[in-house]
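Worksheet: the structure to be examined is printed underneath.
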Amino acid sequence: MHLLYIVFGNAAANHFQAHFSMLSFLRQPQGLDGITVVTDAPEFYHHAADYVSVLPVTAATLREWRGEFDFFWRIKIKALEYVLQQRPGTNLLYLDTDTFLHGSVATLSAHLAAGTALMHEAEGPLSALTSKTEQRMWQQVRQQTFGGVTMEAGHVMWNAGVVGIPASRAAALPLALRICDDLSRQQVTPRLIEQFALSVALAETGPLAAASPAIGHYWSTKAEWNAAISAFLLESHLRGRSVAEEVAALADFRYGTLPVKHRVRSTRGRLEKLVGRLFPPRDVTFIEPSGQ
């Protein structure tokens with residue numbers, strides 16, 4: 001099983017997350033045949049050079065991958081397709097950076113070897129989901145055909161923080177691209193397009209299972225995880241740890257004390273912004289540049 005990460009930009013937190021996720025998998029290296037990082041910031045991966053193959057991408061490649069409709073997250077499907085073309089016969093596991101392994105690599109590998117695709121978890125039939133975005137999206141796609149697939153009430157939206165493609169199922173990716181492009185062409189609400197395209201394409205082409213029993217995905221609690229990961233990696237830097245020593249140090253990381261999911265009402269965010277405007281900081285002081 002080969003791991004794939006896609007990390008763009010210079011935001012250190014995203015690269016910290018990717019590094020931490022890789023370390024969690026390197027605790028069980030026997031089930032891995034390598035790690036690829038697709039990035040426009042290869043300099044962030046020198047420390048892990050013995051463990052990671054960096055695939056630098058140019059701005060021109062990213063524009064091409066965004067496609068005719070300039071949809072950013074189409075890049076995820078294109079990167080999966082590209083790496084599988086470079087590594088034919090590989091069972092590929094894509095991971096968002098905000099993930100970590102807490103279960104068995106062997107179990108994940110066995111699913112892929114048996115031809116079962118993986119996504120993080122099923123969120124439910126699109127027709128039954130309750131957010132405004134999902135309800136609008138269902139009204140736009142119901143009984144319409146995209147990529148040759150007619151969208152029915154039973155089509156499930158899966159979380160795409162993990163996408164596992166068995167070597168025998170590579171043909172699902174061109175289908176996902178066709179669905180994704182048709183959704184864009186019909187101006188379907190774009191926020192979840194690539195996620196739904198992958199969900200439908202993988203479900204239409206074979207068995208699909210959840211990776212959540214083995215992989216945590218803290219998409220809704222990044223602030224807590226980013227603080228803990230930053231502290232861990234800063235200590236590693238100060239101690240001059242090697243990657244192998246970082247992997248060993250993870251034995252003491254307190255995974256169970258950090259939530260991987262919580263729901264915050266939108267009203268809270270609006271109130272916090274209002275309080276910030278009504279009660280801004282006072283007596284703000286800056287240093288005077290010395291001119292040296």
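Observations
- Charge tally in the Cβ shell below 13 Å around S53, where Lys, Arg are +1 and Asp, Glu are -1, S53 excluded: -1
- Values of log10 I(q)/I(0), in the order q = 0.16, 0.27 Å⁻¹, for the stretch 100-161 under a Debye, Cα-only, solvent-free model: -0.67, -1.12
- Note on K261: aspartates and glutamates with a C-alpha under 16 Å away, same-chain residues under 8 apart excluded, are D96, D98, E121, E123, E224.
- Stokes-Einstein diffusion coefficient of the stretch 84-238, Kirkwood radius over Cα pairs, 20 °C, 1.002 mPa s, in µm²/s: 129 µm²/s
- Neighbour net charge for R66 - beta-carbon separation under 15 angstrom, K R +1, D E -1: -2
- Charge tally around P125: other residues with Cβ under 12 Å, Lys/Arg +1 each, Asp/Glu -1 each, net -2.
- Cα gyration tensor shape for the stretch 192-245, rounded if a/c is under 1.5, else prolate or oblate: prolate
- Anisotropy class of the stretch 120-203 from Cα gyration tensor, a/c 1.5 cut: oblate
- Oblate is the label for the stretch 1-119. Its Cα gyration tensor axes, ordered a ≥ b ≥ c, give a/c of at least 1.5 and b/c at or above a/b.
- Cα centroid separation, the stretch 1-62 to the stretch 69-123 (Å): 14 Å
- The order of the peptides 96-102, 109-115 by mean Cβ neighbours within 10 Å, most packed first, is 96-102, 109-115.
- Estimated [θ] at 222 nm from DSSP helical runs (n ≥ 4, -39500 (n - 2.57)) normalised by residues in the chain, nearest 500: -12500 deg cm²/dmol
- Pairwise alpha-carbon distances in the chain exceed 28 Å for 43% of all pairs.
- Of the trypsin sites (Lys or Arg not before Pro) in the stretch 13-106, the ones in a loop by DSSP (not H, G, I, E or B) with at most 16 other beta carbons within 10 Å are R27.
Throughout, read-outs are computed from the coordinates displayed, never taken from laboratory work. Not measured: the values here are computed from a predicted model. Every residue, glycine as well, gets a Cβ built from its backbone with ideal geometry; the counts of neighbours run over all protein chains shown.
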